[in-house]
Amino acid sequence: EERRMMRGIQDLGGQMLARIPGLEPDREILRLHNVHAVPDGPLPLESAVLRVAIAYDRLEAGGKTRHDAVEVLRSRDPMYDSEVLDVLEAYGPASLIDKLERAVSVSELASGMVLTRDITGTDGSLLLGTGHQLNDVIIERLRNLAERRIIRQMVLVAMLDDTPAAAS
């Protein structure tokens, strides 16, 4: 039921764009990018890029490195345009998972660090997603949650160059 509802979001987006004059090309891009259907033929570049971007993002959020995510998408041929995958693999942004990653305690978190794995509550609920850059307010909330044992004490983060803890 949830998958059916999620697929309906594409239709909703198309309906919203249909009401705005001049966005007909964008509506067609949205319609054709559907990541759940094998394309009948070559897609317009914009739709092919959007399709790859959405699928890649899901894989990376699930913990795949850029290389592994691209390999998964290649294995689903002809779902994803091979030329778009070539460009992503060669020039795409480095995956957070590809960067130096380390486990740190909540007490060691510093502003500017980036989560490389979701933070979930002890009940399994998603509290903060992969890729989120930490700031002082978020860190304080995470410390409060850790003290109350609502989250684990250790989290996985990427160390950015300007992060104070990265120098240590």
### Query
Can you give the net charge of the other residues whose Cβ lies under 12 Å from the Cβ of residue 153, counting K and R as +1 and D and E as -1?
+2
### Query
How are the C-alpha pair distances of segment 55-143 spread across 5 Å bins, as whole percents from the shortest bin up?
3, 13, 21, 20, 15, 12, 9, 6, 3, 0
#### Entry: ³J(HN,Hα) computed for each position of segment 65-81 - Karplus, 6.51 cos²θ - 1.76 cosθ + 1.60, integer Hz, glycine/proline x
6, 4, 4, 5, 5, 5, 5, 4, 5, 4, 5, 9, 3, x, 4, 10, 5
## Note on the structure
Charge tally for neighbours of residue 130 with beta carbon under 12 Å away, counting Lys, Arg as +1 and Asp, Glu as -1, is -1
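Values in this text are rule-based calculations from the coordinates and carry no lab data. These numbers were taken from a predicted model, which means no experiment stands behind them. Neighbour counts are summed over all protein chains in view; Cβ atoms, including those assigned to glycine, are modelled from backbone coordinates with ideal geometry.
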